[in-house]
Structures are given as structure tokens and as C-alpha cells.
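Have a look at the structure below before the remarks.
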Amino acid sequence: KGRIESARFASLTAAQELRAMALDASSRLWVVTSQGLFVQDHDLNFHPHPLAPVGQLFTVTNGRAGSMHVGSDRGLCTFHPDGSIESWGSAQGLPLPGAAQVGEDGAGRTWVCTWRTLVMREPGAVRFTDQSQLLPAGITPNGIFFKDRDGSLWLPTKMGALRLQDAKPFLLDASAGLPMRWVRSIFRDREGQLWMLGPTLARLLGNERVWNQPIVAGSTGDQVWSMLRDGRGNLLVGTDDGVVR
């Protein structure tokens, strides 16, 4: 109703850094902060998850069938709707730095990445297998998986956007016309067109052609930071110099 309100986190003694958040199957918000994992209770009240994994938490994302994946410096912890919890660490094939980013594709494969390491677990498998050979370069810092409507995952790297589909990679990079080396994030609009955000803005056209999207005439921001779609379908792009619609 036009109000801006702050969420209330129980048991916090100091300001926390928000690192990731995701909705579960009940539309509750799960939030990873520098002080742990919090789950929405009611309204704007959040309480610490009683079974949160130990260590430094990095990310949280939702999976199919209502599961929630939480990545930390110790590995990966998956919370299932029936209350059961599964945990994986270096003994199960995860990289030693832990799970910086986690994504689950449409076939139920779980992908975990940390800088220059990428691993994948097939549904029902007990171990992750190393897929780092698919990476053209390191993962973009703070880059996150984007799950496309066909179930494939896009991963932003320092050499372009990598699509993982049926465990087969497709790299969208400078050789395909991408006007930048590194990609910050990937976004698909309601017309179905794919956008790449990075130092500039690019749009994937038909036949895997890339168009460098001019933002405005004249001076623009050196960096494109974010994109969202408003209620009327317009795209809002955040740059160093402001917001462009």
C-alpha cells in the first residue's frame, strides 16, 4: 500500500549482509545472511532455521518438488518437504571451497560451482562428478544460475554465458557476437527473448545471433547491474548512470 517496511529478523545482534534469498513451495522466503539462514514466519517476521548447516553460508535456491538447496563453505545441504535433509561435502565430490552457487535443471540434475570448479549430480546419485572441463573461464563473481523455461541452466562466466542442457554445453561468447567478455546475469523477457547483462546489454536474436542493445543516445553507464520487468511488461535496466526503461 505504498509503504516501505523492514523485515524483522529474530535473534540478530548486529547488522547482517544479505547474500541470497529464494521462495519455497509454500511461498515462504528463505534468506541467507552473514549470520545464518532465516525463514519467513509470518508477515515480515523471520526466524533462524533450527537445522541450518554450520559454517559460512553462501546461497539458497529452490529445486523441483519443493526442495531447498543451501550452499556453504562446508558443502551442500538440501531440505526436502517431508522434513528430511541430505548433505554433501568434499567426500561426495564437492569442491573444497564449498558450494558458492547451486542450480537445479529441469531434469533434476544439481549443479554446484565455485570459481573455476563445476560439479554435477544426477538424480538419485550419491556423488557429484567434476564437469569443470565445460567452463570456458572462471565464474563471474556473484554470478548466479538462471533457469530457462526449457529447463536448461545458464551460468555467467568471464568468457560469456554458458548454457547447460542435457549435460551438453553451449557457450555464447565473442565468437557468437557477444559484445563483452564477461556476463553478470541472464534474463528472459515475456516475449521470450534472452538478454545478457554485463559491462553493456545484449540480446539474443533468432539463429543464435546477438544484438548489442543501445541503451540511450549519448553517455550511458559503464556497467549494467540489473534488469526487471514491471507490471506492464516494460523492462527496467539499472546502470551506473541511473535506470532506463
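What fraction of the Cα pairs in the chain, stated in percent, has a spacing above 23 angstrom?
54 percent
Amide H of residue 115 versus every other amide H placed in the peptide plane: which residues, excluding those fewer than 5 positions away on the same chain, fall under 5 Å?
Amide H to amide H, under 5 Å and 5 or more residues apart or across chains, residue 115 pairs with 139.
Between 52, 99, 125, which gets the highest mean-square fluctuation from a Gaussian network model of the chain, Cα cutoff 10 Å?
Maximum fluctuation in the GNM of the chain, among the listed residues, is at 125.
For the chain, set up a GNM with springs between Cα atoms under 10 Å and report which of 181, 109, 121 has the largest fluctuation.
Of 181, 109, 121, the most mobile in the Gaussian network model is 181.
Which one, 233, 98, 66, has the greatest fluctuation when you compute a Gaussian network model over the chain with C-alpha springs under 10 angstrom?
Per the Cα network of the chain with a 10 Å cutoff, 233 tops the list.
With the radius of gyration and the Kirkwood radius both derived from the Cα set of the range 142-184, what is their ratio Rg to Rh?
Here the Rg-to-Rh quotient is 0.97.
For the range 88-123 and the range 185-201, what is the centre-to-centre distance using only Cα atoms, to the nearest Å?
One Cα centre to the other: 25 Å.
Please give every one of the lysines within straight-line cross-link reach of residue 168, meaning a C-alpha to C-alpha distance under 16 Å, and leave out same-chain neighbours fewer than 8 residues apart.
Output for residue 168: 147.
Enumerate the aspartates and glutamates that residue 1 could reach by cross-link, defined here as Cα to Cα under 19 Å, with residues fewer than 8 away along the same chain left out.
Cα-Cα hits under 19 Å: 43, 230.
How much accessible area does residue 191 have with a 1.4 Å probe, in Å² rounded to the nearest 10?
120 Å²
Straight-line reach from residue 158: which aspartates and glutamates have a Cα under 14 Å away, not including same-chain ones fewer than 8 places off?
The reachable aspartates and glutamates, counting only those whose Cα sits under 14 Å from residue 158, are 173.
Going by the alpha-carbon gyration tensor, a ≥ b ≥ c the square roots of its eigenvalues, is the range 27-143 rounded (a/c under 1.5) or, if a/c is not under 1.5, prolate (a/b greater than b/c) versus oblate?
Here the range 27-143 falls in the prolate category.
Starting at the first residue of the range 155-161, write each ³J(HN,Hα) from the Karplus equation 6.51 cos²θ - 1.76 cosθ + 1.60 with θ = phi - 60°, in whole Hz, x for Gly and Pro.
Residue by residue, the range 155-161 yields 10, x, 10, 7, 10, x, 9 Hz.
Express as a percent, rounded to the nearest 5, the fraction of DSSP beta bridges in the chain (both residues included) that run antiparallel.
Around 95 percent of the beta bridges assigned by DSSP in the chain are antiparallel ones.
Under a point spin-label approximation (7 Å from Cα along Cα-to-Cβ), what is the residue 149-residue 25 distance to one decimal in nm?
Those two pseudo-labels are separated by 2.5 nm.
The values are calculated or read from the model by the stated rules, or taken from the named source; none is laboratory data. Every value quoted in this text rests on a predicted model; they were computed, and no experiment measured them. Every residue, glycine as well, gets a Cβ built from its backbone with ideal geometry; the counts of neighbours run over all protein chains shown. All accessible areas refer to the heavy atoms of the entire protein, side chains included, with ligands and DNA or RNA removed. Shrake-Rupley method; radii C 1.70, N 1.55, O 1.52, S 1.80 Å.
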